[in-house]
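Written out below as structure tokens is the structure these notes cover.
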Ligand SMILES: [Zn+2]
């Protein structure tokens, strides 16, 4: 396995070992919010892990603010309400005062700053008029590299939009996805597309994975293995186009579900990772010798 993929697998395994993360799939979170994106009262949209964390809450208005922002609007947080942590990364420049060694001065180091935010409906007395529903801002904003990756897939399956579930149908060699705008972020859309493309690599006309083609029943071992392969393939492809940070927590929660079905069988995970690499290589057009053979895990 390439070092980049190894480090992703290691990161996912590490996160899996830290317990369940109850984040949902990207379009479901958004569906629950009427396709609205969680945002700060200032208008700034939350991204990445903050988006997942706030997106899973089911307040009618996905608008959040800090204690101070509530005060500035003449209101306060209702007694007994609990806030939600959000994390932002900042770059801190090392100065002569903070450096421990001379050559550190001027270097920038990332550090995480945590804020506690509350939903507007946890507040009282705010002097603002809440919109009935936020306008849907979502013009889908494609991520060029991710788009190019999908369009460059050799022997691509068909892609249809509509409905509220994502799936790959082997009998029709067809990927079905909810409409692009139903996804909270473009990253969420591409992660889902790459997952289904991962399944499609198992088609008889491509890598011919028996777990996909045998029509194994939902929840069975073969089904779980195929899900792991598809999701790891998506993780690798997200890393290829630089959106892995934005989706990794979501993927971890998903992978964990399937891994539990494989009874925390670590060798199954390694086997799945090797197959996922083959799937990712196929989609990237990096067809190596030995494709189609079972790789020793
Ligand atoms: Zn799947």
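The values are calculated or read from the model by the stated rules, or taken from the named source; none is laboratory data. As the structure is a prediction and not an experimental result, all values here were calculated from the model. Note that we place each Cβ from the backbone using ideal geometry, even for glycine, and neighbour counts take in every protein chain shown.
Numbers for the structure displayed
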{"item": "Evaluation of residue 174 against (1) within 15 Å of the ligand (Cβ to nearest atom); (2) buried (at least 20 other Cβ atoms within 10 Å of the Cβ); (3) farther than 19 Å from residue 275 by Cβ (one fails), failing number", "result": "(2)"}
{"item": "The one condition in (1) assigned to a helix (DSSP H, G or I); (2) farther than 21 Å from residue 260 by Cα; (3) within 15 Å of the ligand (Cβ to nearest atom) that residue 181 fails to fulfil", "result": "(3)"}
{"item": "So residue 192, is it in the same structural domain as residue 275 (by TED's automatic domain parsing), crowded, with 17+ Cβ neighbours inside 10 Å and within 14 Å of the ligand (Cβ to nearest atom)", "result": "yes"}
{"item": "Residue in region 210-227 that is under 22 Å from the mean Cα position of the chain (by Cα), under 26 Å from residue 145 (Cβ atoms) and either free of Cβ contacts under 8 Å to residues at least 40 places away in the same chain or in a helix (DSSP H, G or I) (or both) present", "result": "yes"}
{"item": "Filter pass, residue 155 being within 16 Å of the ligand (Cβ to nearest atom) and assigned by TED's automatic domain parsing to the domain that holds residue 238", "result": "no"}
{"item": "Matching option when the condition is more than 22 Å from residue 182 (Cβ to Cβ) and either modelled with pLDDT under 85 or surrounded by 10 or more Cβ atoms within 10 Å (Cβ to Cβ) (or both), among 132, 147, 139, 124", "result": "124"}
{"item": "Failed criterion for residue 244 (all others in (1) away from the ligand (no atom under 15 Å from the Cβ); (2) under 24 Å from residue 259 (Cβ atoms); (3) at pLDDT 95 or above hold)", "result": "(3)"}
{"item": "Residue count, region 94-104 (criterion: in contact with a strand residue (DSSP E or B) (Cβ under 9 Å, 6 or more places away or on another chain) and surrounded by 12 or more Cβ atoms within 10 Å (Cβ to Cβ))", "result": "1"}
